[in-house]
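Throughout, read-outs are computed from the coordinates displayed, never taken from laboratory work. Just so it is clear, the structure is predicted and the values come from calculations on it, not from any experiment. Neighbour counts run over all protein chains shown; Cβ positions are idealised from the backbone, glycine included.
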Amino acid sequence: MLFIGIALLIAIGIAVLIGADAGSMFGLTQEQTAQVVPLVILLIVIAGGLFSRRRKFSELLGGVILWVGIFGIAIVGYTFRDDLYLIAGRVFGELRPGVAIVDSANGTATFQRGMGGHFQVESHVNGAPMTLIFDTGASAVVLTEKDARAAGIDTDALGYTIPVSTANGTGRAAAVVLDEMEVGGIVRHKVRAYIAEAGALDTSLLGMTFLETLRRYAVTSNALELTD
């Protein structure tokens, strides 16, 4: 009990120093150190339990090494949390290619190439979730009739007068303006688009009327990067 009391006093002392604007510790900023303090307090209290009763030296040493290792892993994980987040995002992106790996600091959204060789892009149009295919050959965003209906567009009231070439052959489309599009956290309003007539298109396309609003977009062998 005496050791636990001393440990708590030490932990409280650390917290007081932080609150008193004592500056950075161990290369961490004051804010980062303040976030680590609860973990330090918890580990000190748990480690204090190791000394609350008599133990064999080997058992005591093993316990100390265990908690030092846990503390070390926690510090390393905290230090490299941004890198670990990006790695986790890439793994998740490989499992679900259409989901963006978002880097808010650089304003980028990255998509992994799908098994079929295309870049599937999960997006929201007028708040409705849908999957688009990245296509620089499309002069505009093109939605299927089904996706257009999901986005709240009255497709029955449209005039399909614009000839378009699709994978299914030649079809017709109607020109519209989408109130809002969101792709990988990048939001655009009043985006010009086409709505393909029923049966003319299998999948909606992410075309140039959205891409040209970006600062840049780049394609590598396995990744598509959009920069706001």
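A few comments on the model shown:
- Ala157/Asn106 FRET efficiency (R0 35 Å; Cβ-Cβ; nearest 0.05): 0.25
- Protection proxy ranking of 217-223, 104-110, by the mean of other Cβ atoms within 10 Å over each peptide's residues and highest first, is 104-110, 217-223.
- Residues with amide H under 5 Å from that of Gly114, placed H, sequence gap 5 or more: Phe119, Gln120
- Unit charges on C-beta of K, R, D, E only; dipole of region 105-190, Debye: 200
- Extension gain, Thr170 back to Arg215 (0.36 nm per residue minus Cα-Cα distance, nm): 13.0 nm
- Cα gyration tensor, region 101-140 - rounded (a/c under 1.5), prolate or oblate: oblate
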